[in-house]
Amino acid sequence: MTDVLRPGAPREEILSLDGVSLWLSGREILHDVAFSLHAGELTGLIGSNGAGKTTIFRVILGMETPSSGKVLFGGHPRPRRNRSIGYVPQNIGIDPDMPLRARDLVALGLDGDRFGIPLPSRRRRHLVDEMLDAVDARDFADTRVGKLSGGELQRTLIAHALIARPRLLLLDEPLANLDIRSEQEVVGLLATIAKQQQIAVLISAHEMNPLLPVMDRVVYVAAGRAASGSTAEVIRADVLSALYGQHVDVLHVHGRILVVAGKDEAHHPEGESGHTVVPRGLG
Amino acid sequence: MTAVLNGIFEPGLFTSEPVRVAVVVGGAVALVSAVVGVFTVIRGQSFAGHSLGDLGTTGGSAAFLVGANPLWGFITFAIIGAGAMELFGSRRPRGRDMATGIVLGAGLGIAALFLYLGTTQDNTTGATITILFGSMFVLRASMIPVFAVLSVLALAIVALLYRPLLLSAVSQDVASARGVPVRTVGLLYLLAMAVAVSLSCVTIGAILSTAVLIGPAAAALRLTKRPGLAIAWAAVIGLGVTWIGILLAYDSYYWPPTGRGWPVSFFVVALVLVVYLLSDFASHRQARRAGAQAMAARKGLGGAAGGQPEGIRARGAR
């Protein structure tokens with residue numbers, strides 16, 4: 001890739017959510033969520049289970065329509081069908097009998113929405129091989145998708161999403177169920193992809209520490225509300241306390257960040273017992 | 001040598017008109033079912049496939065009652081059933097199974113009524129047997145064009161939707177994010193399945209149609225990991241079991257105890273089971289051999305395993 005980013009140069013905005021709220025069956029799932037994603041940047045969408053991360057993905061993908069607010073793609077409303085978003089869902093189980101090799105699944109990323117039977121083509125095969133190399137998936141290219149390990153399937157699905165040359169790549173909890181080594185590999189891979197291909201990458205996670213070294217921006221979600229900015233701007237006691245509506249502490253331990261419920265009883269409005277509102281494992 | 005051949009191909013086999021029609025129509029129908037069935041299995045819709053066959057019973061018995069060709073009864077009710085399943089069903093697999101079960105129950109209830117009315121009116125049980133267990137040797141040559149058109153229709157739908165079907169079998173969400181109209185694809189596929197099942201209701205019977213829909217496909221999926229090859233294998237197996245079934249049924253006229261011949265459907269279904277068990281055995285053996293090879297390769301590599309962390313760990317675990 002030739003484009004070298006000048007530090008401080010404004011990066012192209014790929015996606016923005018502006019005041020997005022979503023009501024589903026009488027409950028407010030998202031409240032006034034706003035953030036933007038930029039080319040070449042890796043953004044972490046951090047929050048505990050049930051905070052609204054997957055719903056935000058569904059809004060971006062057009063599977064849910066916001067009750068209010070705007071979702072703009074490159075400054076425009078998103079088209080109904082959008083090939084420029086790649087999506088890797090949260091650990092999908094694939095039947096071991098599924099007659100698809102990893103390379104077949106990657107090829108379906110190229111033209112899986114087209115009708116008819118594909119003819120074998122050299123160009124297609126070349127593109128698939130290139131993408132398998134990019135995610136370091138050559139070793140298991142001919143393995144059945146149902147027999148891949150979590151990390152292998154993750155990389156295959158990333159290749160599947162990337163082969164269509166998206167501007168935005170969404171990954172729902174890609175690090176869940178990975179061992180530490182695969183976790184580091186996937187994180188490193190995604191950071192490289194964001195920089196080299198100049199696409200915006202949004203990764204949801206309930207645990208932020210594995211993403212800290214590579215995250216350009218963070219969107220922190222709690223109870224359907226979100227705060228966004230750089231890690232230093234967002235992961236602070238005052239910002240997160242306001243988000244949770246109760247006092248939380250942010251502790252830095254050996255380069256890791258821990259968000260823990262505080263003891264200050266005065267800050268929480270509903271009178272709930274202060275230590276139970278923030279679930280464990282926030283990061 | 002000639003004696004042996006004569007023993008296998010009993011005299012008159014190749015000159016018999018019913019046998020020739022059975023070979024052509026039965027073969028085509030089995031091929032269509034097997035090809036369509038590959039997607040039934042990978043989409044996890046075996047229950048829906050079976051239910052469409054059972055709904056065929058309702059249609060067949062209704063057609064018998066009004067004196068129409070059973071094929072039209074089978075196909076009308078299978079398509080109505082497919083539509084109802086889609087209407088009541090949801091994206092959740094359990095919701096889909098529930099919808100299928102409800103439609104299936106209603107259909108079989110009506111079938112019970114129609115068969116009762118039909119048999120008490122005509123005082124014959126022949127129709128019930130024909131509808132439930134098929135009648136390959138009583139197919140008429142005049143029906144061949146109709147079977148051909150319907151077969152081509154089912155195959156054309158599957159060929160058209162080949163890639164979207166594969167992708168949505170992997171994940172509905174991934175397919176939908178990729179721009180596949182998942183719902184429409186699912187509905188069109190149900191239509192193809194309804195047509196395939198209706199055709200095999202005529203040849204092999206409403207109750208047994210599941211065997212030719214699911215069996216060859218399930219066996220094929222054990223034999224190959226490539227989608228195109230899986231479809232080819234399923235087609236070959238479907239065609240093979242049907243033709244051998246016809247041969248055995250013809251030969252069985254000379255077998256004890258009755259000298260009346262055994263039903264084709266029995267032979268076909270029995271062969272499907274045998275082929276499935278064989279392919280399952282073959283795939284287990286292959287997996288064991290691959291495992292042993294991987295183990296040997298890893299021993300040979302020694303410390304080099306560090307260079308390929310993920311794959312080795314995962315495959316070693318299996």
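The values are calculated or read from the model by the stated rules, or taken from the named source; none is laboratory data. Please read all numbers here as calculations on a predicted model, not as lab measurements. Don't worry about glycine lacking a Cβ; one is built from the backbone with ideal geometry, like all the others, and counts go over all protein chains shown.
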Pairs, first farther than 11 Å from A:R103 by Cα and more than 12 Å from chain B (Cβ to nearest Cβ) in the range A:154-166, second charged (D, E, K, R) and surrounded by fewer than 24 Cβ atoms within 10 Å (Cβ to Cβ), C-beta under 9 Å, six or more apart: A:R165/A:R83
Output for the range B:27-71, where each listed residue is in a helix (DSSP H, G or I) and within 14 Å of chain A (Cβ to nearest Cβ): B:A34, B:V35, B:G37, B:V38, B:F39, B:T40, B:V41, B:I42, B:S46
Leading residue by the ranking (surrounded by the fewest Cβ atoms within 10 Å (Cβ to Cβ)) among those in the range A:20-65 that are of a type in the set (S, T, N, Q) and out of contact with any Pro (no Cβ under 6 Å at 6 or more places or on another chain): A:S25
Residue check, B:S135 among the hydroxyl-bearing types (S, T, Y), surrounded by 14 or more Cβ atoms within 10 Å (Cβ to Cβ) and closer than 17 Å to B:G73 by Cβ: yes
Number of positions in the range A:190-211 that are farther than 13 Å from A:E41 by Cα and touching a helix residue (DSSP H, G or I) at 6+ places or on another chain (Cβ under 7 Å): 3
From B:F88, B:F114, residue being modelled with pLDDT of 75 or more and not β-branched (V, I, T): B:F114
Filter result for the condition that a residue is buried (at least 19 other Cβ atoms within 10 Å of the Cβ), closer than 16 Å to B:V19 by Cβ, more than 14 Å from chain A (Cβ to nearest Cβ) and at pLDDT 75 or above, over B:V272, B:V268: B:V268
Search result, residues across the range B:121-168 that are of a type in the set (D, E) and within 10 Å of another protein chain (Cβ to nearest Cβ): none
Residue ID - surrounded by the most Cβ atoms within 10 Å (Cβ to Cβ), chosen from residues in the range A:66-125 that are in contact with a strand residue (DSSP E or B) (Cβ under 9 Å, 6 or more places away or on another chain) and among the hydroxyl-bearing types (S, T, Y): A:Y87
Filter result for B:L139 (at pLDDT 90 or above, within 21 Å of the chain's Cα centre (by Cα) and not charged (D, E, K, R)): no
Residue among B:S171, B:S176 that is within 14 Å of another protein chain (Cβ to nearest Cβ) and out of contact with any helix residue (DSSP H, G or I) (no Cβ under 8 Å at 6 or more places or on another chain): B:S171
Count - residues of the range A:13-48 that are under 16 Å from the mean Cα position of the chain (by Cα) and polar (S, T, N, Q): 4
Failed condition for A:L178, given (1) under 16 Å from the mean Cα position of the chain (by Cα); (2) surrounded by fewer than 18 Cβ atoms within 10 Å (Cβ to Cβ); (3) more than 25 Å from A:S16 (Cα to Cα): (2)
Wholly within the range B:90-201, helices (runs of 4 or more DSSP H) carrying at least 2 residues that are charged (D, E, K, R) and over 19 Å from B:P70 (Cα atoms): B:93-122
Complete set of residues in the range A:135-153 that are more than 8 Å from every other protein chain (Cβ to nearest Cβ), surrounded by 20 or more Cβ atoms within 10 Å (Cβ to Cβ) and not in a loop (DSSP other than H, G, I, E, B): A:L153
Qualifying residue in the range A:75-91 (condition: under 27 Å from A:R144 (Cβ atoms), within 13 Å of another protein chain (Cβ to nearest Cβ) and among the small types (G, A, S)): yes
Residue match in the range B:238-252 (condition: facing another protein chain (nearest Cβ under 8 Å) and more than 14 Å from B:A30 (Cβ to Cβ)): no
Failed item, numbered, when A:M215 is tested on (1) in a strand (DSSP E or B); (2) modelled with pLDDT of 90 or more: (1)
Set B:S198, B:S151: member being among the hydroxyl-bearing types (S, T, Y), modelled with pLDDT of 90 or more, surrounded by 20 or more Cβ atoms within 10 Å (Cβ to Cβ) and in contact with a Gly (Cβ under 8 Å, 6 or more places away or on another chain): B:S198
